[in-house]
1. So if each residue of separation counts as 0.36 nm, and I subtract the Cα-Cα distance between residue 199 and residue 108, what length gain in nm does that give?
2. So how long is each side of segment 6-280 along the principal axes, counting just the alpha-carbon atoms, biggest first, in Å?
3. Could you rank the peptides 100-106, 221-227 by their average count of other C-beta atoms within 10 Å per residue, with the highest value first?
4. Taking every DSSP beta bridge that has both residues in segment 6-280, what percent is antiparallel when rounded to the nearest 5?
5. State, to one decimal in nm, how far the label point of residue 44 lies from the label point of residue 242, with both points 7 Å from Cα in the Cβ direction.
6. Between residue 61 and residue 186, what FRET efficiency follows from the Cβ-Cβ distance if R0 is 41 Å, with the result rounded to 0.05?
7. Quick one: if the Förster radius is 35 Å, what FRET efficiency do residue 83 and residue 266 give, using the C-beta to C-beta distance and rounding to 0.05?
8. Hey, rough spin-label estimate for residue 35 and residue 137, points 7 angstrom out along Cα→Cβ, what's it come to in nanometres?
């Protein structure tokens, strides 16, 4: 996936994954017109960044369908929450080049896009600043990162799209515990997508990203965290599971059939979306070293999130 805009070259490592869903959404209407999904803002941003959509979308049929279905499902979940709380605060973790706000803005919600400094710098050249939308550069899971967001004590929904599967299991647990303890708003709900442990450690799963990194001479990025459905219910992290759904269930035949067969055989979703609500009295679990310099005091989030550490491949370039 070649790019001519100078800003695209400033994104490296994990930040490069921002291009994958952007291109998928931008090409959705042309490649899959029967699905009925179109993202005009994504199309405009791809044009502004001079991304090669033909090369970017080639060999990425399943990946693109997954992004479209995930985007539609998250739009629906946010829409339901804001129908009950029109002035809600939406926190978009790992925002990348997300265009969710442009698709679902109700004219009353407030929105906070959160990502690393290079991503936010690029976003600021592409998205206008508005009174109801802020962009915050912060390293997720760094000390005090939730307080740095400056969130209001308002009904809050936190969205983590295409983010958590790239983090280590103990980091996922720390992030969710920090959010449960640090977000002041009530009610507070969380939605995120996840993958099955079977794909943890595998590289090059996104053809678009694989091509871009190959052109740069960089190694593919691997998923680092996966979870089965039963592992999503972890009250010690401050959250209770409301519902989990498979991403590919909405796409239609044969993907719905394949998704359901996988669920039966593997005991979980290949790619799913979890919807959680904050527990009544969340506990703050600080990722401090255990006595004697042992492991973190924050438990990994999930149910055996992947291969043993010795067998897990590091995600280079992240």
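1. Values: separation 91, 0.36 × 91 = 32.76 nm, distance 3.93 nm.
The residue 199-residue 108 span can extend by a further 28.8 nm.
2. Reported extents, whole Å, longest axis first: 46, 46, 36.
3. Details: 100-106: 17.0, 221-227: 24.3.
Ranking, from highest mean packing down: 221-227, 100-106.
4. Numbers: 16 of 36 bridges.
If I count the DSSP bridges inside segment 6-280, around 45 percent turn out antiparallel.
5. Computed distance between label sites residue 44 and residue 242 equals 3.0 nm.
6. Details: r = 42 Å, r/R0 = 1.03.
Plugging the Cβ-Cβ distance into 1/(1 + (r/R0)^6) gives 0.45.
7. Details: r = 34 Å, r/R0 = 0.98.
With R0 = 35 Å, the Cβ-Cβ based efficiency is 0.55.
8. Rounded to a tenth, the inter-label distance reads 3.3 nm.
A short reminder: the numbers here are calculations on the coordinates, not readings from a lab. In this text, all values refer to a predicted model and were calculated from it rather than measured experimentally. Note that we place each Cβ from the backbone using ideal geometry, even for glycine, and neighbour counts take in every protein chain shown.
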